[in-house]
Amino acid sequence: MPIIILTAYLVLSLTNVSVRAADTLSGDEIRQQLVGNTLTFFSQPNKADIFLRFDPDGSALGVIDDGSGRKPRQEWWINENNMLCRAFGAPQKKVCNTIRLQGEKLVFLRPNGRKLFEARLLRGDQLPVTAASKPAQGGPTAKQAKGGATPAKKLNRMDKDGDGKIHRDEFAGPANRFSAIDTDQDGYLTAQEMSAFAKPGSGKKQKNPEARAGKNPTAAAVLDRLDKNSDGVIDLAELDNDKKKFKRLDKNGDKKITKEDLELVAEEQSKAPGYMKAAMQTSRLAQRTPRRKEPRICENREQTFTSGHFTIQSVSPGCVFPGTVLFIDKLNREFPKLIEMDLTGKIVWSYNFGTTGVSDFDKHPAMDPSRLTNGNTLFALKNWGVFEVDRSGTVVWKHLDRSASHDVDRLANGNTIYVRAWTDKGTDQVREVNPDGKIVWSWKGLGDFDTPEFAPRVSPQQGEPGNDGWIHTNSVIRLADGRTLVSLTNFSQIVYVNHEGKVLDTVPILGTHGPKILDNGNLLVASPGGNPSIIEFSDGRPVWHWDHRKTPQKNLKPNIWLARDVIRLPNGNTFLTTGARLLELDAAGEIVWQLRYTDPGVEKDQSAREFYKSQRIGPDGHGYGD
């Protein structure tokens, strides 16, 4: 199908327009004029009019009015700044335009202010009903034929975490409707289930009586579904040998899952506070905040470099923060390396962890490298300890702790603070030690989180176990005022703790990772459990976000965009560590630099988690990102 070229001849007929004649429309005015209405223009290559109907979420449904019911290849939407945007071409290019009301014409402007094309606006939903879009017997409903949301489109809108299915917390409808659609009662809605429910007469007959009553499935119903050999218990093989899930559901540890085990799990889940619901609401609020902070001023001048098994792509060199990047290369799990690399791929320093005394790096992977003010490098080895090495690779300080994990920081007083993610309830989740290794402060979390073990996907309704550990603390920061900021993955919260260990404030974030306090006091955090992926908060409210789904590479595997850590750089850019790439974003949210593995097989592996945390180091040697 040819790409639509908008060298359009168009006429505008506007009614009830309350905007300034011959003025550029503001963002709010653009949204006000387009949402709920239909935009149309003539496409010369198609010899036909194009109709675009804009929905409240800013997306557009398009039809080519040539009798075929074809959809235009360009994707249109209203972005977070209320500019009209479109994506086209291969590879995809994204263009956003401002709009000017000029007499009786709606004029789309190029960035230089010159006219791009004109259009006319039709009030309401006026998509043409073509022969191809008329419902056939047994086909889509009349609402769908007129451009209404199909089950697939509804799924895409509600699927906030991008996993291709809708969790109960994502569902924008009544609870009894969710249970009625969820025919296999696994706690998720698939496209097939939604399509089946949309058919005439569906949703009336349900196998599960709990679904008919709009209730969650009972332990007996879950047991009946998972017990494939009908012997009254669930063994490991019946859970596809998923040992983590089995351990979570086997509450008494007798190597089998019974109805009583499932009842205990459901009871524990019901007692857990509504952490996930609050975190989902945060994601929804963040989606309404701007993505673009300021106009992009750097010229695109793409450069590509290779270094070993890495490829470095610099799209806008003038926009990139200078210096180096410090990260851990875990592609070879037996022989990982700590690497400092410049932005063209030149390795300026590396360390192979040989002086730590660890030989099994698959069991004890390295995490969270950071450059200290003395030029040494600090890092953690999972379930082994924290280490400081100099430029020669000599270990100059260490503290062994078989529960140390994700995050370690050197404090201004010379002490070291670190997290202990894979520990049970009642043990230290965070520890601060002095240079002699003595514990001088710790936090257990019991004062505010004395609840049963909580994992967001441990219930029979949800069917998946949560992360290892009780709270699964993955990050800690000591603030200038003495408070300690702690990131709690299993509770989807960031908490501010005083010296006595009391939680003073909380911020709900789905799967919170790598929070940072910015110079202006705002909170910047990665949200690998939700969309958007990166959120900035001011006084507890989202004020900016970055959404990987709006990038030109949005169709890449989800693990590539799985946000693990985020840093705000001195030039205003944002540096992001994802599962398979390191990215630098400009203030407009565009990727200006990235590092990835050259072998595409790494990114095709859905389970790849090659990067966890990294750090940027400026020209003066100062490290950015705790």
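The values are calculated or read from the model by the stated rules, or taken from the named source; none is laboratory data. Note that the coordinates shown come from a computational prediction; the quantities given were computed from them, not determined experimentally. All accessible areas refer to the heavy atoms of the entire protein, side chains included, with ligands and DNA or RNA removed. Shrake-Rupley method; radii C 1.70, N 1.55, O 1.52, S 1.80 Å.
Things to note:
- Protein-only accessible surface order, largest first, of Met83, Met194 at 1.4 Å: Met83, Met194
- Shape of region 320-399, Cα gyration tensor, a/c cut at 1.5: oblate
- Over 24 Å between alpha carbons, listed pairs Lys337/Lys444; Lys259/Lys382; Lys337/Lys425; Lys398/Lys502; Lys382/Lys613; Lys363/Lys398: Lys337/Lys444; Lys259/Lys382; Lys337/Lys425; Lys398/Lys502
- Solvent-accessible area per residue in region 386-427 equals 40 Å², computed with a 1.4 angstrom probe and all protein chains kept.
- Taken one residue at a time, the phi angles of region 424-436 give Karplus couplings (6.51, -1.76, 1.60, θ = phi - 60°) of 8, 4, x, 9, 4, 9, 9, 9, 10, 10, 8, x, 8 Hz. Gly and Pro are set to x.
- Only protein heavy atoms count here; on that basis, with a 1.4 Å probe, Phe575 has an accessible area of about 0 Å².
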